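Notes follow once the structure below has been shown.
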Amino acid sequence: MYLIIDSRDKNKTEAALVAGNKIMAKKSFSAKYQASEKLLNIIDGLLTGKKLTRVKKIFVFAGPGSFTSLRTGATLANTFSYLLKIPVISLPAKYKDIEKAALYVNGMKSAGKRIMPRYGKKPNITKSK
């Protein structure tokens with residue numbers, strides 16, 4: 001079983017559990033700058049009745065997209081990867097959504113130990129006054 005996280009859009013975040021190339025469960029929510037508050041609860045809901053240790057890989061869309069939303073998804077994916085000692089794999093932007101990605105994730109292999117978000121533009125970080 002695999003977990004897929006899509007937090008590219010600052011207004012909508014999705015997560016799904018996939019077995020083989022079939023979506024077993026999927027949840028989405030209107031993020032509106034609340035992805036960091038809701039995403040873990042959404043994943044917990046997806047896992048109801050299932051053991052977290054059944055997740056063998058985590059896939060995350062790494063961008064381009066919203067700076068904060070991508071950082072939230074990547075951080076959660078990297079944390080699960082570290083704690084469960086399972087691979088985390090960055091999904092390319094060519095997969096437009098979780099449904100399309102689910103068709104291809106079965107044979108994908110990890111290229112490294114963690115993923116880094118790819119932002120759509122430079123972060124707008126202001127200097128303190």
Can you tell which of Glu14, Glu37 is in contact with a helix residue (DSSP H, G or I) (Cβ under 7 Å, 6 or more places away or on another chain) and of a type in the set (Asp, Glu)? Glu14
Considering only residues of the stretch 92-129 that are over 18 Å from Ala15 (Cα atoms) and among the charged types (D, E, K, R), which is modelled with the lowest pLDDT? Lys113
Looking only at residues that are out of contact with any Gly (no Cβ under 8 Å at 6 or more places or on another chain) and among the aliphatic types (A, V, I, L, M) in the stretch 86-102, which one is surrounded by the fewest Cβ atoms within 10 Å (Cβ to Cβ)? Ile86
Would it be correct to say that Lys26 is touching a Phe, Trp or Tyr at 6+ places or on another chain (Cβ under 9 Å), outside any loop (DSSP other than H, G, I, E, B) and more than 14 Å from Tyr104 (Cα to Cα)? no
For the stretch 1-45, which residues satisfy the criterion of being of a type in the set (Asp, Glu) and either modelled with pLDDT under 90 or more than 17 Å from Gly63 (Cα to Cα) (or both)? Asp9, Glu37, Asp44
Being among the aliphatic types (A, V, I, L, M), closer than 20 Å to Glu14 by Cβ and modelled with pLDDT of 75 or more is the requirement here; does Leu84 meet it? no
Scanning the stretch 47-85 for residues that are outside any loop (DSSP other than H, G, I, E, B), exposed (fewer than 13 other Cβ atoms within 10 Å of the Cβ) and of a type in the set (Ser, Thr, Tyr) gives Thr53, Tyr82
Mind listing just one residue for me: the one in the stretch 29-40 that is assigned to a helix (DSSP H, G or I) and touching a strand residue (DSSP E or B) at 6+ places or on another chain (Cβ under 9 Å) and, of those, nearest to Tyr2 (Cα to Cα)? Leu39
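The values are calculated or read from the model by the stated rules, or taken from the named source; none is laboratory data. If you're wondering where the values come from, they're calculated on a predicted model, not measured in any experiment. In this analysis, Cβ positions are derived from the backbone assuming ideal geometry, glycine residues included, and neighbour counts consider all displayed protein chains.
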